[in-house]
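Inspection log for the structure reproduced underneath, given as structure tokens.
The values are calculated or read from the model by the stated rules, or taken from the named source; none is laboratory data. Model, not experiment: these values are computed from the prediction. Reconstructed Cβ throughout: ideal geometry from the backbone, glycine too, with neighbour counts over all protein chains shown. Protein only, heavy atoms only, side chains kept; ligands, DNA and RNA dropped before computing areas. Shrake-Rupley method; radii C 1.70, N 1.55, O 1.52, S 1.80 Å.
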Amino acid sequence: SLNKASIEQVKSDIVNGKTKLLYVAPESLTKEENVEFLKTVKISFYAIDEAHCISEWGHDFRPEYRKIRSIINEIGPAPVIALTATATDKVRTDIKKNLGITDAVDFKSSFNRPNLYYEVRPKTKDIDKEIIKLIKANPGKSGIIYCLSRKKVEELADILKANDIKAASYHAGMDAATRSATQDDFIMERIDVIVATIAFGMGIDKPDVRFVIHYDMPKSLEGYYQETGRAGRDGGKCIAFYSYKDLQKLEKFMEGKPVAEQDIGRLLLRETAAYCETSVCRRKMLLHYFGEIYEEDNCGNCDNCLHPKKKVEAKENLMLVLETIIDVKENFKADYIIDILRGNEAEAVLAHKHDELEEFGAGADVEEKVWNAIINQALLAGYIDKDVENYGILKVTKEGRKFLKKPTSFK
């Protein structure tokens with residue numbers, strides 16, 4: 001966004017040693033003239049921020065990030081550090097591989113935000129009324145509501161204003177001056193609620209955001225975690241409205257994209273659905289997604305822990321899941337395992353002759369979402385694991401094999 005005179009000034013400051021730290025967007029770094037200029041300068045250190053953008057498994061993949069390593073090689077070698085607030089084990093592996101720093105040391109702090117309350121509610125036709133009620137129960141408090149489409153952002157902001165709530169909309173389709181003014185109004189508390197797409201929030205430094213509402217669930221748990229992270233440092237409510245139809249809509253949007261991208265997108269949506277549908281501690285599930293073990297079974301600060309759902313014994317069904325994973329040589333993803341258990345004559349199942357397995361159709365009377373819940377809970381319990389290289393492929397752990405030899409209660 002700099003004009004030519006400003007760019008020349010920046011270059012002059014670098015050459016004269018005035019500038020110690022230079023911020024460059026990856027899109028600018030790919031420009032030939034910038035690379036040529038940086039070759040003339042002694043670079044002592046490269047820091048890659050928002051490094052999850054390097055990975056196709058990250059929630060905000062940007063192709064320009066993939067070119068950073070080759071540009072670093074061209075400019076000249078120096079130590080490299082990659083930083084991100086949201087990266088699963090798979091994404092971290094991808095980052096290191098792409099940057100050619102596979103032997104780099106990992107520094108990982110906890111993903112846990114004990115001050116945040118997590119809740120998922122079913123999305124009904126009365127969602128607007130529910131949101132108005134939620135906001136009016138916290139008068140004068142700051143909050144953010146995330147929607148997936150610009151149209152919905154504007155519609156909802158108008159509904160809130162019509163109900164005497166100081167609200168404004170924010171999305172990438174608005175001009176920069178309006179966006180900046182809206183952001184200032186929010187920080188200076190001239191408005192209480194921002195209704196936004198994911199375009200809002202990067203670099204927001206407001207410690208007293210009391211609630212973050214997801215009108216629509218995002219495409220991945222990384223996106224969800226990052227957006228809920230904008231809630232207050234000293235406490236905040238994170239309430240998501242969930243409808244399976246919304247995720248199906250998101251899946252439909254992927255049609256026409258490359259097959260690999262569609263596969264990744266579906267797996268990420270599946271994780272989101274699992275989080276929304278689970279009856280176990282939401283915090284435990286979120287942290288597990290990021291490769292962190294949360295020892296407690298009750299965090300005392302999510303809807304599932306404060307209002308536990310009725311549990312049923314699933315020992316026999318878990319045994320079926322583990323036996324099926326072993327019988328297909330630990331080579332397939334959850335959807336495939338469920339197809340076998342439910343006796344679905346899917347093309348791939350028939351091609352591999354897995355319809356001849358003893359387990360084929362053994363769980364036909366159990367709903368797909370119940371099988372999903374069993375698999376997700378088995379992952380949390382450490383009975384199964386996901387292959388990091390071929391993400392999504394299920395493996396039975398040592399604990400899982402012990403369980404098969406000596407089954408215990410599983411609820």
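Entry remark, region 310-330: residues being under 29 Å from the mean Cα position of the chain (by Cα) and open to solvent by 100 Å² or more (accessible area, probe 1.4 Å) number 2 in total.
For region 299-316, does any single residue satisfy the condition of being farther than 27 Å from Y117 by Cα and part of a helix (DSSP H, G or I)?
yes
For beta carbons closer than 7 Å, sequence separation of 6+ or different chains, a first residue in region 247-260 that is within 20 Å of A274 (Cβ to Cβ) and a second that is outside any helix (DSSP H, G or I) and at pLDDT 85 or above, the qualifying pairs are L247/M217; L250/K219. Which one of the conditions (1) under 20 Å from I145 (Cβ atoms); (2) open to solvent by less than 10 Å² (accessible area, probe 1.4 Å); (3) over 16 Å from the mean Cα position of the chain (by Cα) does R233 fail to meet, given that it meets all the rest? For R233, the exception is condition (2).
Say we look at region 54-76 and pick out the residues that are touching a residue at least 24 places away in the same chain (Cβ under 8 Å), outside any loop (DSSP other than H, G, I, E, B) and not basic (K, R); which of these is surrounded by the most Cβ atoms within 10 Å (Cβ to Cβ)? Filtering first and then ranking leaves I54. Residues that are open to solvent by less than 40 Å² (accessible area, probe 1.4 Å) and either within 33 Å of the chain's Cα centre (by Cα) or in contact (Cβ under 8 Å) with a residue 24 or more places away in the chain (or both) within region 1-27 comprise I14, P26, listed in sequence order. Considering region 187-199, and only residues there that are under 16 Å from the mean Cα position of the chain (by Cα) and open to solvent by less than 70 Å² (accessible area, probe 1.4 Å), the residue that is farthest from I165 (Cα to Cα) turns out to be A199.
Among the candidates S243, S279, the residue that is open to solvent by 10 Å² or more (accessible area, probe 1.4 Å), among the polar types (S, T, N, Q), over 30 Å from F186 (Cα atoms) and under 21 Å from the mean Cα position of the chain (by Cα) is uniquely S279. Selection within region 208-223: residues that are touching a residue at least 60 places away in the same chain (Cβ under 8 Å), within 14 Å of the chain's Cα centre (by Cα) and open to solvent by less than 30 Å² (accessible area, probe 1.4 Å). The member of this set that is farthest from M285 (Cα to Cα) is D216. Could you tell me whether K395 is under 26 Å from L268 (Cα atoms), of a type in the set (K, R), touching a residue at least 60 places away in the same chain (Cβ under 8 Å) and touching a strand residue (DSSP E or B) at 6+ places or on another chain (Cβ under 8 Å)? Considered against the rule, which asks whether it is under 26 Å from L268 (Cα atoms), of a type in the set (K, R), touching a residue at least 60 places away in the same chain (Cβ under 8 Å) and touching a strand residue (DSSP E or B) at 6+ places or on another chain (Cβ under 8 Å), K395 comes out as yes. Just one of the listed residues (A87, A47, A51) is within 23 Å of G229 (Cβ to Cβ), modelled with pLDDT of 95 or more and hydrophobic (A, V, I, L, M, F, W, C), namely A47. Across region 288-331, the number of residues qualifying as within 22 Å of P407 (Cα to Cα) and among the hydrophobic types (A, V, I, L, M, F, W, C) comes to 10. Scan region 28-53 for residues that are surrounded by fewer than 17 Cβ atoms within 10 Å (Cβ to Cβ) and aromatic (F, W, Y) and the total you get is 2.
When region 335-387 is limited to residues that are of a type in the set (V, I, T) and outside any helix (DSSP H, G or I), the one that is most open to solvent (accessible area, probe 1.4 Å) turns out to be V366. Among the residues of region 393-411, is there at least one that is aliphatic (A, V, I, L, M), in contact with a Leu (Cβ under 9 Å, 6 or more places away or on another chain) and not in a strand (DSSP E or B)? Checked region 393-411: at least one residue is aliphatic (A, V, I, L, M), in contact with a Leu (Cβ under 9 Å, 6 or more places away or on another chain) and not in a strand (DSSP E or B). Among residues of region 134-152 that are on the phi > 0 side of the Ramachandran plot, those with a Cβ under 8 angstrom from a residue that is surrounded by fewer than 22 Cβ atoms within 10 Å (Cβ to Cβ), sequence gap 6+ or separate chain, pair up as G140/D192.
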